[in-house]
Amino acid sequence: MFFMFTVVTTVLLTSIAFAVDMGRAYDEQRQLQIVADSAALAGVSALGSGTNYSIILSVVEAIAQANGATIDEIMENEPRCGTWERGEFIESNGRSCPSSANAVQVNIKRTIPTRFAHLMNQHSMTLRASAVAYLPPPEGGNCIRPFGIEDSHLKKLSVSEGGTFSVSGSQGMGNWGKIDLNGNASSGEEYTLLMLSNLCDEAIAPGNFVSTGTGNAQIDQVFQSLLDDLTPPFAARNMVFAVTTDFGNGNSEVQIQRFIKVNLLSQEGSGAGWRASFQLVEWDAEPDAPVTPSRRLVK
Amino acid sequence: MKTTLLSKQSGGAFVEAAVVTPMLLMLIVSMMQFGYIYGVLTNLRGASAVAARMAILGSASSQVDVCEAAKNAVTSIVDASQLECQTSPSVLPAPVNSPVTITLSYAVPLLASNSGVLKGPTFTVSARTTMQ
């Protein structure tokens, strides 16, 4: 009888210890995560020109304390500035916050005393929470794509708004189409990225001279990728291209005359034989201003 | 003699039961009440965090929107219509990059469910989250 009592009591007490202490730890962990999230979001809100590490740290500490954390809990593993690139936080060196930083990481460590687990010689539990908040780059639906169409070509076709027109690799002088809006057009990867995602820069305006990119590489694939996007608002719709002076043969410069808004209708051919059809939406379009998205939180 | 002893033993058990049962019931009711209060507190903490995040990220444009978001974030153990919501600053949206504090309070009915069948005293639970 006594043996049974001992066994049952031990099992019961162990279960209670587990349930009570683990339940509390779970709740505390949730609370700690809220503190880490709040502190990281606050830290990233302070990023910007003229910001240094101590400013970020003071903001992080203030918000963490307002949510019940102590300085020691935050400073056990100091908050860090860094960059968020391709789903990864890349930490800046030491206590620095360079102008290129777009993310803040906060780590919190809290040790809580146990209640019933004392009976099993477990006097405390250590909980950790981590959060990274970052500022996504400005984005906009209709900023500018690094593609130029010769003004003379459009005028020759007498295309009007709502009408359709085609462009192809074989028209005009030499290689044409690609324009270097940010000084990186020589990179095929950069050209593809900007064609698919827009380049939002208010400095790009009619009257600007821009270098032309060379070669026909990626043009057909990019147009096809745009057409393959079947998710609203559809990448191939309402694209803004530059209307330029005539392209020269090989590397040259063209001047931006204005912008047009087009819908890409089809693409055929490959390499220098690419050919794309468009519908003209606006003859003289005003690219949308970049939109700065909200801060984002990742854990 | 035997009969007397037996009857004494039965009486002893009855007295023991009479003493222990209310204590046991009290313990069980207290545990349930404590669990309920703790559940409400956990709910309010989560809801205040959701509301605060909406307030700072511009997803909710006014105090009414923020408090509505908090009410939507609580589970059914909290009567959302009885939830008290306060924001600091009281006028939202707050200036860019300034802190916003959301405080949620709820009067938990004691010794009764929140069905309103038994109206008893209440215990006020509150949770607060500050974000910037």
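Rule-based calculations on the coordinates, nothing more; no lab input. Nothing here was measured: the structure is a model prediction, and the numbers come from that model. Here Cβ is always computed from backbone atoms with ideal geometry, including for glycine, and neighbour counts include all displayed protein chains.
Let me have the relative contact order for segment A:148-282, percent, based on Cα pairs under 8 Å that are six or more residues apart. It would help to have the intermediate numbers written out before the result.
On the way: 268 pairs, mean separation 46.9, N = 135.
35 percent.
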Item checked: Computed over segment B:2-131: relative contact order in percent, which uses C-alpha pairs under 8 Å that are six or more apart -> 25 percent
Notebook entry, point to check: In a GNM of chain B with a 10 Å cut-off on Cα contacts, which of B:V20, B:V91, B:V108 has the highest mean-square fluctuation?
Noted result: B:V20
Next item on the list: For peptide B:41-49, compute the average count of partner chain beta-carbon atoms within 10 Å of each residue's beta-carbon.
Entry: 3
Margin query: How much length would be gained if the chain were fully extended between B:V19 and B:L110, taking 0.36 nm per residue of separation minus their Cα-Cα distance, in nm to one decimal?
Written below: 30.4 nm
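Among DSSP beta bridges lying fully in chain A, give the percent that are antiparallel, nearest 5. It would help to have the intermediate numbers written out before the result.
On the way: 47 of 50 bridges.
Roughly 95 percent of the beta bridges in chain A run antiparallel, per DSSP.
Can you put A:V104, A:V7, A:V262 in order of Cβ neighbours within 10 angstrom, beginning with the fewest? Kindly include the intermediate steps, with their values, before the conclusion.
Details: A:V104 31, A:V7 10, A:V262 26.
With the sparsest Cβ surroundings first, the list reads A:V7, A:V262, A:V104.
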Checklist line | Rounded Å value of the spacing that divides the Cα centres of segment B:39-59 and segment A:81-136 | finding: 21 Å
Check: Taking Cα pairs under 8 Å and at least six residues apart, what relative contact order does chain A come out at, in percent?
Finding: 19 percent
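How large is the convex hull of the Cα atoms of chain A per residue, expressed in Å³ as a whole number?
Working: hull volume 54.0 nm³, N = 299.
About 181 Å³ per residue, rounded to a whole number.
Just tell me how shielded A:23-34 is by partners: mean number of partner chain Cβ atoms within 10 Å of each residue's Cβ, no decimals.
Details: counts 3, 1, 0, 1, 5, 0, 0, 4, 7, 0, 1, 10.
Mean shielding count: 3.
For the protein assembly as shown, what does -39500 (n - 2.57) per DSSP helix run (n ≥ 4), summed and divided by total residues, give at 222 nm, in deg cm²/dmol to the nearest 500? Don't skip to the answer; put the middle values down first.
Values: 8 runs with 156 residues, N = 431.
Estimated from H runs of four or more residues: -12500 deg cm²/dmol.
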Notebook entry, point to check: Most fluctuating residue of A:V243, A:V20, A:V59 in a GNM of chain A with Cα springs under 10 Å: which is it?
Noted result: A:V20
Next item on the list: Could you order peptides B:24-33, A:107-116 by the average number of other Cβ atoms within 10 Å of their residues, highest first?
Entry: A:107-116, B:24-33
Note to self: Which order do the peptides A:193-205, B:51-63 come out in when sorted by mean C-beta neighbours inside 10 angstrom, highest first?
What the structure shows: B:51-63, A:193-205
Notebook entry, point to check: Hey, which aspartates and glutamates would be in cross-link range of A:K156, C-alpha to C-alpha under 18 Å, not counting anything within fewer than 8 residues on its own chain?
Noted result: A:D246, A:E282, A:D284
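For A:E189 and B:A80, FRET efficiency with R0 = 41 Å and r from the beta-carbon atoms, rounded to 0.05? Show your work: numbers first, answer last.
Working: r = 51 Å, r/R0 = 1.24.
Working from the Cβ atoms, E equals 0.20.
Between A:E253 and A:V298, what FRET efficiency follows from the Cβ-Cβ distance if R0 is 41 Å, with the result rounded to 0.05? Walk me through the intermediate numbers first.
Values: r = 41 Å, r/R0 = 1.01.
The calculated FRET efficiency here is 0.50.
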Item checked: Choice from B:A107, B:A13, B:A47 with maximal GNM fluctuation in chain B (Cα, 10 Å cutoff) -> B:A13
Notebook entry, point to check: What order do you get for A:12-19, A:39-46 when each peptide is scored by the mean count of other beta carbon atoms within 10 Å, highest first?
Noted result: A:39-46, A:12-19
Note to self: How much length would be gained if the chain were fully extended between A:D201 and A:T245, taking 0.36 nm per residue of separation minus their Cα-Cα distance, in nm to one decimal?
What the structure shows: 13.8 nm
Margin query: For peptide B:124-132, what's the mean number of Cβ atoms from other chains within 10 Å of each residue's Cβ?
Written below: 5
Margin query: Place a point 7 Å from the Cα of A:E78 along the Cα-to-Cβ direction; which residues of segment A:9-46 have their backbone N under 18 Å from it?
Written below: A:40, A:43-44
Check: According to a simple spin-label model (label point 7 Å from Cα along Cα-to-Cβ), what is the distance in nm between A:R30 and A:S58?
Finding: 3.5 nm
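Give the order of A:Y26, B:Y36 when sorted by the count of other beta carbons within 10 angstrom, beginning with the fewest.
On the way: A:Y26 12, B:Y36 18.
Fewest-to-most Cβ neighbours within 10 Å comes out as A:Y26, B:Y36.
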